[in-house]
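In what follows, a structure is listed as structure tokens, so that the remarks can point back to it.
The values are calculated or read from the model by the stated rules, or taken from the named source; none is laboratory data. Since the structure is predicted, the reported quantities are computational estimates derived from the model, not experimental observations. Cβ sites come from the backbone with ideal geometry, for glycine too, and all protein chains shown count toward neighbours.
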């Protein structure tokens, strides 16, 4: 069975600084996808970034980028130039295997301080 | 706006009662997923349907049931409700049921059991 682990329950960063959120996963699948979702206080689930396991190049979306280390089964999210609107819970998620369902980590609560 | 519609937004009911949560997927999406998010916790996968058929089952209690109708909308039925069932229930949809397509989430139904 696949598992996703986020070892940082809470993090804090100053506005305009850079922060990295950690995620590790365990799977025996050779092909899969990894995601970061953002959940602001409104509780919406917003897709931040997606990485395909067979692609070596790390995904980037504006200020958000990932460091995907397949051998180490590590998938960290870097947020550059942090903004107050980045304050949210961030969930790492795995998608692979026989179904399309997402398996989520327990989340990291990020607070961006002015 | 993800295109996934969940109703109602809020639901308050008493222990022992039964409720039905409704989800309309994005236009063109064939697969529907239900997740439960209890207070300050991650998202737990409940069940997945693809084109009317159950595809995957997670940690769904026997008191809970779901179905996907011919028009592709889905309903999650929760019966004999307990205080611990209070949670945010998310529906998500995707185009395919097994080809690693991204999940798009609705805004959730907040269920409070008193």
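When residue A:34 is tested against (1) more than 26 Å from residue B:37 (Cα to Cα); (2) within 12 Å of chain B (Cβ to nearest Cβ), just one condition goes unmet, and that condition is (1). Restricting attention to the stretch A:38-48, the residues that are within 8 Å of chain B (Cβ to nearest Cβ) and under 14 Å from residue A:59 (Cα atoms) total 1.
Taken together, B:70, B:102 contain a single residue that is assigned to a loop (DSSP other than H, G, I, E, B), away from chain A (no Cβ under 12 Å) and without any contact (Cβ under 8 Å) to a residue 24 or more places away in the chain, which is B:70. Counting just the residues of the stretch A:64-103 that are facing chain B (nearest Cβ under 10 Å) and at pLDDT 95 or above, which one comes out surrounded by the most Cβ atoms within 10 Å (Cβ to Cβ)? Looking at the filtered set, the residue picked out is A:92.
Tell me, yes or no, whether the stretch B:11-21 has at least one residue that is in contact with a helix residue (DSSP H, G or I) (Cβ under 7 Å, 6 or more places away or on another chain) and more than 25 Å from residue A:91 (Cα to Cα). Taking every residue of the stretch B:11-21 in turn, at least one turns out to be in contact with a helix residue (DSSP H, G or I) (Cβ under 7 Å, 6 or more places away or on another chain) and more than 25 Å from residue A:91 (Cα to Cα).
Flag set for residue A:78, criterion: in contact (Cβ under 8 Å) with a residue 12 or more places away in the chain, more than 20 Å from residue B:91 (Cα to Cα) and not in a loop (DSSP other than H, G, I, E, B). Quick check on the stretch B:56-66. Is at least one of its residues closer than 23 Å to residue A:3 by Cα and part of a strand (DSSP E or B)? Taking every residue of the stretch B:56-66 in turn, at least one turns out to be closer than 23 Å to residue A:3 by Cα and part of a strand (DSSP E or B).
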